[in-house]
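Participant: Got a structure for you, written out below as structure tokens; questions coming shortly.
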Amino acid sequence: MGVEVTRENGSVIAYEVVGEPDAAPVLFCHGLADSRLSARLFTQVARELGLRVLAPDRPGTGRTAPRRLRRLADWAEDAALVLDAVGADSAAVLGVSGGGPFAAACAARMPGRVRSLTLVSPLGLPGWPTRGMAAGERLSLEIARHAPAFGGWFLGRLAALERRSPELFLRLAASEMPDIDRRTLQQDLRVLTRPWGFELGSIAVATSIHHGDADTTVPPQHARLYAKAIPGAQLWLHPGQGHFSILSAIREMLAPLTR
């Protein structure tokens with residue numbers, strides 16, 4: 001179900017709600033070049049577990065109006081408005097892939113409203129090792145550090161390549177990409193590849209990190225570094241799982257959020 005909430009300036013934040021309508025809320029932070037609609041993948045599991053997943057589009061994505069983020073941590077303001085809109089004092093927070101840093105920002109910036117943090121295949125800080133990352137992602141992130149606009153263009157060309165020549169694309173990027181709003185992607189790349197505006201060490205909520213040990217989109221080393229940086233974080237490496245196949249274990253990852 002698609003819902004909207006209005007910012008103070010009258011602009012709109014769109015978010016998807018799946019699962020049980022009155023159940024415990026889980027705020028879902030979607031990945032890079034993705035949208036709130038990816039939460040629909042969790043519909044059945046959320047219903048069975050008795051969870052309500054709230055998935056906002058980031059600024060400029062889907063039906064959410066653009067808003068310039070000075071740094072990644074600023075996105076927590078939109079997340080807080082979504083929680084306000086559903087009357088949730090607090091929520092578990094889930095971040096997948098490029099959404100991991102945005103989920104971590106929520107835990108750091110509004111600790112009183114985040115019950116727990118779950119990161120799945122999370123992309124790490126600028127400067128973390130890229131060894132083991134597929135060539136396409138590694139190159140585009142390196143470009144984005146110096147020229148976010150061109151990094152967005154480059155990822156856009158990878159998306160086109162995926163449609164025209166899947167085998168070549170997989171050799172370059174080892175991942176699928178939906179159609180992209182180039183300006184939105186540029187902003188995500190800009191804030192992901194600059195200082196985030198918070199310290200991972202400031203996160204004080206219970207944190208679980210899941211990563212496939214065969215992931216070539218985001219290297220497993222990023223998960224290990226998250227676990228080292230966030231006090232008390234627990235790390236699960238899933239044998240043989242890649243960046244997308246790990247979502248076959250989503251029930252296992254969401255089940256603790258019912259407690």
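The values are calculated or read from the model by the stated rules, or taken from the named source; none is laboratory data. The model shown is predicted, which means the values in this text are computed figures rather than measured ones. Note that we place each Cβ from the backbone using ideal geometry, even for glycine, and neighbour counts take in every protein chain shown.
Participant: Can you tell me which residues in segment 11-55 are within 19 Å of residue 90 (Cα to Cα), surrounded by fewer than 18 Cβ atoms within 10 Å (Cβ to Cβ) and acidic (Asp, Glu)?
Facilitator: 20, 22
Participant: Of all strands (runs of 3 or more DSSP E) completely enclosed by segment 1-80, which ones contain at least 1 residues that are in contact (Cβ under 8 Å) with a residue 12 or more places away in the chain and within 15 Å of residue 188 (Cα to Cα)?
Facilitator: Numbers: elements: 2-6, 12-19, 24-29, 51-56.
Filter on segment 1-80 gives 24-29, 51-56.
Participant: Here are 52, 36, 68: which of them is closer than 21 Å to residue 111 by Cα and basic (Lys, Arg)?
Facilitator: Working: 36 fails: closer than 21 Å to residue 111 by Cα; 68 fails: closer than 21 Å to residue 111 by Cα.
Of the residues listed, the single one that is closer than 21 Å to residue 111 by Cα and basic (Lys, Arg) is 52.
Participant: Let me ask another. For segment 207-229, give me the residue count where each residue is farther than 12 Å from residue 119 by Cβ and either assigned to a strand (DSSP E or B) or of a type in the set (Ser, Thr, Tyr) (or both).
Facilitator: So the count comes out to 3.
Participant: Output the residues belonging to segment 193-231 that are among the hydroxyl-bearing types (Ser, Thr, Tyr) and modelled with pLDDT of 95 or more. Before the answer, list the steps.
Facilitator: Residues of segment 193-231 among the hydroxyl-bearing types (Ser, Thr, Tyr): 193, 202, 207-208, 216-217, 226.
Of everything in segment 193-231, those that are among the hydroxyl-bearing types (Ser, Thr, Tyr) and modelled with pLDDT of 95 or more turn out to be 202, 207, 208, 226.
Participant: In segment 27-56, what count of residues is obtained for those that are polar (S, T, N, Q) and in contact with a Phe, Trp or Tyr (Cβ under 9 Å, 6 or more places away or on another chain)?
Facilitator: From segment 27-56, those polar (S, T, N, Q) are 35, 38, 43-44; that's our starting set.
Retained after the next criterion (residues that are in contact with a Phe, Trp or Tyr (Cβ under 9 Å, 6 or more places away or on another chain)): 38.
So the count comes out to 1.
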